[in-house]
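Working notes, beginning with the structure itself.
The values are calculated or read from the model by the stated rules, or taken from the named source; none is laboratory data. Since we're looking at a predicted model, the values are computed, not measured. As a convention, Cβ positions derive from the backbone with ideal geometry for all residues, glycine included, and neighbour counts pool all protein chains shown.
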Ligand SMILES: [Zn+2]
Ligand SMILES: [Zn+2]
């Protein structure tokens, strides 16, 4: 914000890219209160064509001097561009898989070189490629202190294979189980992140080894317990759950791999006294927006938020003191603040 202030003083303009505007309303609020609404244009996919046109015109006339937007905002018709800032630069959403395919980070780098202006990539967890590239220059700036001078979190990695060896078949390690318990007692909040939705990530026949897959996408179908359906997470194909194996007619159907639904039901069984809320594409709908779920978590002081990538988008919850994050098949990272 200080850099943008300097740029504006020179009568130049700024682009700020964020992964997803609807997930960062607090940040947009801060920009508006500091620079004034009339100076800011927002560009994102939820705008109608008319709204987009209006924002586009305000930018072109240089009425709006700061553009905040998702990846496509890198194409905003800026005049006298003075700086480009990419927040959460590691986020995969800066790459567009749709045609025309592009990487907003690479376009930003090109624009910055062309106009000889700074490009700021911000992240607490930089991508390996950006981190490597920045080390080849003298451009790395590190924050030695966290906001409000708070301490760095403790990170513990637990090997779930070793837990299995001592007979722990639950999705939670013994250590995490203890820490959740303590957090509930202390009335602190916990976020559990698991990058799979649904209940079980694949369904297999134990007699012949058949697994249910999507014919079009050739990936395993995910079991959704509530609807008793198998769904393809690529193309949206769904079918009724199997009762018998379509190959050998056996009934020895087993469920493997765990998604957020299963984690939620395990948590509810293990900690019946705790309140939980789940946030993934299956719970975020017209009725419950991202923001409704996050507000509920915060305002009603829900004990545990369980969700996919959406829960780790740089939210600010002062009362959250424990985060469990999925890292690989066998390991989980716990971050305790
Ligand atoms: Zn079979
Ligand atoms: Zn499919």
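Being more than 16 Å from ligand 2 (Cβ to nearest atom) and either closer than 18 Å to residue 262 by Cβ or part of a loop (DSSP other than H, G, I, E, B) (or both) narrows it down to one residue among 216, 226; which is it?
After applying the criteria, what remains is 226.
I need a count of the residues in region 266-278 that are buried (at least 17 other Cβ atoms within 10 Å of the Cβ) and closer than 19 Å to residue 196 by Cβ.
Of the residues in region 266-278, 4 are buried (at least 17 other Cβ atoms within 10 Å of the Cβ) and closer than 19 Å to residue 196 by Cβ.
If you go through region 136-156 one residue at a time, do you hit one that is assigned to a strand (DSSP E or B), surrounded by 10 or more Cβ atoms within 10 Å (Cβ to Cβ) and touching a strand residue (DSSP E or B) at 6+ places or on another chain (Cβ under 6 Å)?
yes
Keeping to region 248-287, report how many residues are on the phi > 0 side of the Ramachandran plot and in contact with a strand residue (DSSP E or B) (Cβ under 7 Å, 6 or more places away or on another chain).
1
How about region 229-245: which of its residues are part of a loop (DSSP other than H, G, I, E, B) and more than 28 Å from the chain's Cα centre (by Cα)?
Selection gives 241, 242, 243, 244, 245.
Count, please, the residues in region 185-213 that happen to be over 24 Å from the mean Cα position of the chain (by Cα) and in a strand (DSSP E or B). Walk me through how you get there before you give the answer.
The initial filter retains those residues of region 185-213 that are over 24 Å from the mean Cα position of the chain (by Cα), namely 185-187, 203-213.
Imposing the further condition that a residue be in a strand (DSSP E or B) reduces the set to 203-205, 211, 213.
Result for region 185-213: 5.
Name the one entry in 277, 267, 281 that is closer than 19 Å to residue 308 by Cβ and part of a loop (DSSP other than H, G, I, E, B).
Working: 277 fails: part of a loop (DSSP other than H, G, I, E, B); 267 fails: part of a loop (DSSP other than H, G, I, E, B).
It is 281.
Given 257, 236, which one is exposed (fewer than 12 other Cβ atoms within 10 Å of the Cβ), more than 30 Å from residue 29 (Cβ to Cβ) and away from ligand 1 (no atom under 16 Å from the Cβ)?
None of the other options fit; the residue is 236.
Being more than 9 Å from ligand 2 (Cβ to nearest atom) and farther than 12 Å from residue 257 by Cβ is the filter; apply it to region 194-213 and report the residue that is surrounded by the fewest Cβ atoms within 10 Å (Cβ to Cβ).
In the first step, residues of region 194-213 are kept if they are more than 9 Å from ligand 2 (Cβ to nearest atom); the result is 194-212.
Okay, now just the ones that are also farther than 12 Å from residue 257 by Cβ, so 205-210, 212.
Numbers: 205: 21, 206: 12, 207: 14, 208: 12, 209: 10, 210: 17, 212: 20.
The selected residue is 209.
Any chance region 296-305 includes a residue that's assigned to a strand (DSSP E or B) and away from ligand 1 (no atom under 16 Å from the Cβ)?
For region 296-305, residues assigned to a strand (DSSP E or B) and away from ligand 1 (no atom under 16 Å from the Cβ): present.
Would you check if residue 203 is within 16 Å of ligand 1 (Cβ to nearest atom), closer than 26 Å to residue 310 by Cα and either touching a strand residue (DSSP E or B) at 6+ places or on another chain (Cβ under 8 Å) or assigned by TED's automatic domain parsing to the domain that holds residue 320 (or both)?
Yes: the conditions hold for residue 203.
Determine which single condition residue 323 fails, assuming it passes every other condition in (1) away from ligand 2 (no atom under 16 Å from the Cβ); (2) at pLDDT 85 or above.
Failed condition: (2).
Among the residues that make up region 18-39, is at least one of them assigned to a strand (DSSP E or B), in the same structural domain as residue 126 (by TED's automatic domain parsing) and surrounded by 13 or more Cβ atoms within 10 Å (Cβ to Cβ)?
No, that holds for no residue.
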